[in-house]
Amino acid sequence: MMAEMQQYKNLEIACGSVEDLVVSEEGAVKGLTLSADSQWEAWRVSASKVVVTTGTFLRGMIHVGSEQIPAGRAGDKAATA
């Protein structure tokens, strides 16, 4: 699917955790801020359209015996919100 999406003109794909939405006084979404991580500083993106998806690890848990540990993909933080 990623290869398909990357062929669209005027579409920029950014993967990361959304820290905040940029909202106009009228309540329209005008962009977002991606959280800083080990590779990037916090990044504010302005856009006329924004698509936010949950990804595949929302509320991910590792189960080891009776212990439960919030977790994401290897090296990623747990998506617990």
Exercise. Name the residues in region 11-38 that are without any contact (Cβ under 8 Å) to a residue 24 or more places away in the chain, assigned to a strand (DSSP E or B), hydrophobic (A, V, I, L, M, F, W, C) and open to solvent by 60 Å² or more (accessible area, probe 1.4 Å), would you?
Worked result: Val23, Val29
For this session: Specify the residue that is modelled with the lowest pLDDT; the eligible residues are those in region 53-66 that are farther than 23 Å from Asp20 by Cβ and open to solvent by 100 Å² or more (accessible area, probe 1.4 Å).
Result: His63
Exercise. Only one of these conditions is not met by Lys49: (1) of a type in the set (Lys, Arg); (2) without any contact (Cβ under 8 Å) to a residue 12 or more places away in the chain; (3) in contact with a strand residue (DSSP E or B) (Cβ under 6 Å, 6 or more places away or on another chain). Which number is it?
Worked result: (3)
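The values are calculated or read from the model by the stated rules, or taken from the named source; none is laboratory data. Being a predicted model, the structure only gives us computed values, none of them experimental. Neighbour counts run over all protein chains shown; Cβ positions are idealised from the backbone, glycine included. All accessible areas refer to the heavy atoms of the entire protein, side chains included, with ligands and DNA or RNA removed. Shrake-Rupley method; radii C 1.70, N 1.55, O 1.52, S 1.80 Å.
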